């Protein structure tokens, strides 16, 4: 499979290493040094695009890939006000697209566990839920996209909570997310249910970027040659 890497920072380079080990070819690498190479002629060399860049550049990158008709995987977060537009372009161009706030297999299983626990805890109002996420200091968005995904799932099941906030909160209708930036942490997420008598905590800790990169390559393998909008749960069959 021929892959275009859009965004060639630490994550892009880790994706490249894993893709090559799995027998794929990298036919295009886009960084801040060569944005002019993101054009139809170069993109047509690829079977799939993998986009990991910045919140400011993600949508223009995804737009270019999808308009070229190339199946696209995107793992950049904090641009989701444009997600619906990207999905519309995907349908118009009859190609495929998958966005995930986190491509790690473990995290996506954690998403499912979080959903199940949120449903189980919903009737038990003695427990108050809160979250904490820890990332390296180069992480540009706070809270992380993974934390937002976890929080939105909780809010769907907590009838008394109506929004998340990115600071500690004692308000009953707010889900507090505390964001910490500490090197070299690749990513840790805690979901805590606390009552006066006990505490339940769910945790996921990433030890390296390889889990995210491996999942992104799996997603690229999954959508190559397909049509439509997909999620990581489709890739993993969960």
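Read-outs: derived from the displayed coordinates by stated rules, not from any lab. These numbers were taken from a predicted model, which means no experiment stands behind them. Glycine also receives a Cβ, built like all others from the backbone with ideal geometry; neighbour counts cover every protein chain displayed.
Against the longest principal axis of the chain, how steep is helix 210-223, in degrees 0 to 90 to the nearest 10, with axes from Cα atoms? The helix 210-223 is inclined about 60 degrees to the chain.
Normalised by the residues of the chain, what does the relative contact order come to in percent, with Cα pairs under 8 Å and at least six apart? Show your work: numbers first, answer last.
Working: 469 pairs, mean separation 52.1, N = 238.
Relative CO of the chain lands at 22 percent.
Averaging the sequence gap over all C-alpha pairs within less than 8 Å and six or more residues apart, then dividing by the number of residues, gives the range 37-126 a relative contact order of 24 percent.
Take every DSSP beta bridge whose two residues both sit in the range 105-206; close to 65 percent of them are antiparallel.
Report, to the nearest 10°, how far helix 58-67 tilts away from the longest principal axis of the Cα atoms in the chain, using its own Cα long axis and a range of 0 to 90°. Helix 58-67 and the main axis of the chain meet at about 50 degrees.
Restricting to the chain, compute how many DSSP beta bridges are antiparallel as a %, nearest 5. Mind dumping the intermediate values first?
On the way: 15 of 41 bridges.
Approximately 35 percent, going by the DSSP bridge assignments.
Each of 127, 193 was scored by other Cβ atoms within 10 Å of its Cβ. Listed from fewest to most, they are 127, 193.
From helices alone, the chain scores -10500 deg cm²/dmol at 222 nm; the rule is -39500 (n - 2.57) for each run of n ≥ 4 DSSP H residues, then divide by the residue total. Counting beta carbons within 10 Å around each of 117, 159, 73 and listing the fewest first gives the order 159, 117, 73.
For a footprinting-style exposure proxy, rank 144, 31 by other Cβ within 10 Å, fewest first. Write down the numbers at each step before the final one.
Details: 144 23, 31 14.
By the 10 Å Cβ count, ascending: 31, 144.
Under the classification rounded if a/c is under 1.5, otherwise prolate if a/b is larger than b/c and oblate if not, where does the range 105-206 fall, given a ≥ b ≥ c as square roots of the Cα gyration tensor eigenvalues? If you can, show how the numbers build up before the last one.
Values: a/c = 1.82, a/b = 1.50, b/c = 1.22.
The shape class here is prolate.
Rounded if a/c is under 1.5, else prolate if a/b beats b/c, else oblate: with a ≥ b ≥ c from the C-alpha gyration tensor eigenvalues square-rooted, which is the range 1-73? Oblate is the answer for the range 1-73, as a/c is 1.5 or above yet b/c matches or exceeds a/b.
So for each of 80-86, 150-156 I average, over its residues, the number of other beta carbons within 10 Å; can you give me the resulting order with the highest mean first? Intermediate results must be reported in sequence, preceding the final value.
Values: 80-86: 13.9, 150-156: 19.7.
The densest-packed peptide leads the list: 150-156, 80-86.
Look at where the Cα atoms of the range 183-237 and of the range 90-138 average out, and the two centres are 7 Å apart.
Largest first, the extents of the alpha carbon coordinates of the chain on the three principal axes equal 62, 37, 29 Å.
Which whole-number percent is the relative contact order of the range 105-206 (Cα, under 8 Å, 6+ apart)? Don't jump to the answer; show the numbers that get you there.
Numbers: 175 pairs, mean separation 34.5, N = 102.
Relative contact order here is 34 percent.
Residues considered: 143, 71, 184. Largest GNM mean-square fluctuation over the chain, using C-alpha springs under 10 Å, is found at 184. In degrees, nearest 10, range 0 to 90: what is the angle between the Cα axis of helix 145-157 and the longest Cα principal axis of the chain? The helix 145-157 is inclined about 50 degrees to the chain.
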